[in-house]
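Data block below; observations after.
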């Protein structure tokens with residue numbers, strides 16, 4: 001697969017089949033991702049892969065916490081702002097209502113919204129869950145580097161015919177993740193990531209999120 005095809009075909013898939021992903025496939029993906037750039041070659045990422053009983057235990061424990069309303073806030077982890085500015089808020093709402101529209105979840109349907117939100121914590125049925133951390137003492141530059149690493153994982157997955165969904169939702173339920181995966185306390189969770197084969201029959205996977213026109217985000221200087 002050419003890199004342009006991988007970039008243009010990558011999207012957040014929210015429904016997966018139960019087809020198994022093999023360990024050699026994952027190893028090839030991670031071997032490629034290990035070539036991701038990082039400032040002064042610090043390689044600040046740590047990666048935890050779960051499937052089978054461990055994956056299921058995390059899903060069960062986090063789903064129970066979700067049902068009990070025991071989510072931590074993103075602000076607790078300095079992850080998202082408490083108040084969004086208009087342009088970012090509108091983009092978030094746009095993709096959210098685009099997804100809900102496909103699923104027939106109408107505005108005000110809290111039950112439907114809660115049901116869809118909970119699907120995050122089954123990895124949208126993907127057989128493999130990935131959690132990426134960095135060391136807690138590191139700063140924003142290392143988070144940037146870890147984001148580059150995750151992007152490389154997602155593009156490398158396309159070369160294997162696989163799809164992914166990066167999931168910040170796990171940030172609110174970290175204790176079971178750290179416990180089941182034996183993640184040291186001096187690390188912090190950057191994101192979760194679902195990995196598997198796309199369910200091509202699922203309507204939610206027809207969602208193509210809008211992108212801002214490049215003239216609205218790019219500024220050229222010094223060109224004729």
Q) What percentages, rounded to whole numbers, describe P(r) for the range 1-82 computed over all alpha carbon pairs with 10 Å bin width beginning at zero? A) 11, 26, 39, 23, 1
Q.
Take residue 22 and residue 117, extend 7 Å from each Cα along the Cα→Cβ direction, and tell me the distance between the two endpoints in nm.
A. 4.0
**Q.** Cα principal axis extents for the range 41-110, largest first, Å
**A.** 36, 35, 24
Q.
Sorted from largest to smallest, which semi-axis lengths in Å does the alpha carbon gyration tensor of the range 133-224 give for its equivalent ellipsoid, taking the root of 5 times each eigenvalue?
A. 29, 23, 12
Q.
Springs between alpha-carbon pairs under 10 angstrom, Gaussian network model over the chain: which of 78, 125, 145 fluctuates most?
A. 78
Q: Please pull out the direction-averaged projected area of the range 78-178, using the convex hull of its alpha-carbon atoms, in nm² to one decimal place.
A: 8.6
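Note the direction-averaged projected area, equal to a quarter of the hull surface, for the Cα convex hull of the range 127-169, in nm².
Values: hull surface 14.1 nm².
So the Cα hull casts an average projection of 3.5 nm².
If I take R0 = 35 Å and measure r between the Cβ atoms of residue 97 and residue 31 in this structure, what FRET efficiency does the formula 1/(1 + (r/R0)^6) give, to the nearest 0.05?
Working: r = 39 Å, r/R0 = 1.11.
Taking R0 as 35 Å, the efficiency between residue 97 and residue 31 is 0.35.
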Q) With the contact rule set at Cα under 8 Å and sequence spacing of 6 or more, what percent relative contact order holds for the range 81-207? A) 34
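Work out, step by step, the length gained on full extension between residue 80 and residue 40: first 0.36 nm times the residue separation, then minus their alpha carbon distance; give nm to one decimal.
Details: separation 40, 0.36 × 40 = 14.40 nm, distance 2.70 nm.
Full-extension gain reported as 11.7 nm.
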**Q.** log10 of Debye I(q)/I(0), alpha-carbon scatterers only, for the chain at 0.08, 0.16 Å⁻¹
**A.** -0.31, -1.33
Q: Let me know the Rg and Dmax you get for the range 50-90 when you use only its Cα atoms, in Å.
A: 14.9, 42
**Q.** Distance between modelled label sites at residue 70 and residue 143, nm, 7 Å Cα→Cβ extension
**A.** 2.6
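A short reminder: the numbers here are calculations on the coordinates, not readings from a lab. Keep in mind that this is a model prediction, so the values were computed, not measured. Glycine also receives a Cβ, built like all others from the backbone with ideal geometry; neighbour counts cover every protein chain displayed.
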